[in-house]
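The values are calculated or read from the model by the stated rules, or taken from the named source; none is laboratory data. Quantities reported herein were computed from a predicted structural model and do not represent experimental measurements. Please note: Cβ atoms are built from the backbone with ideal geometry, for glycine as well, and neighbour counts cover all protein chains shown. Side chains are part of the model used for accessible areas, which takes the heavy atoms of the whole protein and leaves out ligands, DNA and RNA. Shrake-Rupley method; radii C 1.70, N 1.55, O 1.52, S 1.80 Å.
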Amino acid sequence: MNLLWLVRNPGAHFAGRTPALHPTHPANMDRQVAVTTSVVMPSVLTEIEVVIPQLYRYAFALLRNRADADDLVNATLLRALDKLHTRQEEGNLRAWIFAIMHNLHVSRRHRAQYRSESFPIDDADNTDMVPAPKEAHARLEDVVRALDRLPEDQRIVVLLVSIEDLSYAETAYVTNAPIGTVMHQLAYGRERLRQLLGDETPPALRLVK
Amino acid sequence: MTELEHPISEEDLHCMVDGRLAENRRVAVERHLRLHPEDARRVAAYTAQREALQAAFAVGVERPLPSSLNLAHLVEYRVRARRRTSWQIAASILLALSTGSAVGWILRANLFPPAASGIHELAQDATASYLVYAADRRHPAELGPAQSRDLAHWLSVRLNRPVAPPNLSIIGYDFLGGRLVATRRGAAALFLYQDALGERLSVFVRAMTSLRDMPMLKVPMDNINGCAWVQKGVGYSVIAEEPYDELLGLAQVVRRQVEAGEIVR
């Protein structure tokens, strides 16, 4: 499948019967596969493009460092492009890519643990990478700091549900956990945050519509 | 009524926070919250958390994305890599078929430096095993992790020295199993591992004809990366679809286990 060609011809389809795009046109015999897949592919690429800012936001929330988030999303996208052909068409593309990123993050985390044993990393320069909310946003800073105190599996579930607005089923799919486990982690994570932050709620909050 | 049939659960409270309740259920939960101030306090606190987290990390999407995340660039990069890969696969097939012919020799000179020492041949054997067995989704290994002891015993007999699979779970690779591999220099052991993404890593072990130690050497392949080294007359090769720097870190774990006498004694 010729991905490059698809990118350069995002609107390509058969409807116009342009000889240059027609699969059986002699000039295009070797492009037949690309032309056939092009009906689906550009829309998939557009769909992926929509997910990229979300992936980046989540990666940043997880890693709290732009360079690391950038690197994780970059690796995720490359892997998604490589595995695109193995994916079932009607599946949820966003959850699928988030699952790729989750797996990548988890396996990198294992390796980082190993690496940090052998090469201590000086992370003093990471402090300015933390989003620096203004004084008015001191409360956001508190929330972020409290979030850091959650075990990682709870933090992941709270973030996926809260900032990415994934459904509980999607979160279970992404983290490869039973939905009961996800609900459990969500409940524990939120309750722990409440204990750390206290009950005071900003005035913007509304309980009843 | 509905609350009696379906009492309000913890899950309902979270669904309330996340806006995932159907209208009539939402009304029921709101009624429950009016009667249960402690639950109402929790839902309020969780909702505030949710909003605060969204506000705190909106930063990720406000700025323009780095160019490294430009999808068109990534696709183009991948296409180029893939073209190179298919060429390389074609080349190695040609190489296998026509080692004697001129074409074979030209390609051979390009892909593998002339066999100055056995380590290059070891690297070729390891690469061939990786390409054939790591790609096998159904039966990558002959004996799985449940038969580790049988596997170690079998390979030890065939390699004529005690051999055991390295443990790579610390670096995120689970043991898939292993097998005996035939090479021109006799029997070799292949151990296969898989990470959470299904990416595979192989550790290849074979006795060398020369007893000279060799430092770690890069195995020249495109999409996959590998390295090989020789310690006390035994050759090792680690191959995975990882960037070379990353792979070297993984290989060091294997090497350390070799040095500790955990793999070959």
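Observations
- Debye-sum result for the stretch B:111-201 in log10 I(q)/I(0), which assumes one identical scatterer on each alpha carbon, at q = 0.12 Å⁻¹: -0.39
- Share of carbon and sulfur in the accessible heavy-atom surface of the stretch B:138-241 [1.4 Å probe, %]: 49 percent
- Ranking B:D125, B:D18, A:D71 from most to least accessible surface, computed with a 1.4 Å probe over the protein chains only, gives A:D71, B:D125, B:D18.
- Full extension of the chain between B:S68 and B:D213 yields a length gain of 48.1 nm, computed as 0.36 nm times the residue separation minus the alpha carbon distance.
- Summed residue charge, Cβ within 9 Å of A:G189's Cβ, Lys/Arg positive, Asp/Glu negative: +1
- Occluded residues from the stretch A:74-99, i.e. those whose accessible area drops by 20 Å² or more once the chain is not alone (1.4 Å probe): A:N74, A:L77, A:L78, A:R79, A:L81, A:D82, A:K83
- Heavy-atom accessible area, probed at 1.4 angstrom with all protein chains present, ranks B:K218, B:K232 as B:K232, B:K218, highest first.
- In the assembled protein chains, B:E262 presents an accessible area of approximately 100 Å² (probe radius 1.4 Å).
- Accessible surface buried upon B-A contact (total; probe 1.4 Å; Å², nearest 100): 5900 Å²
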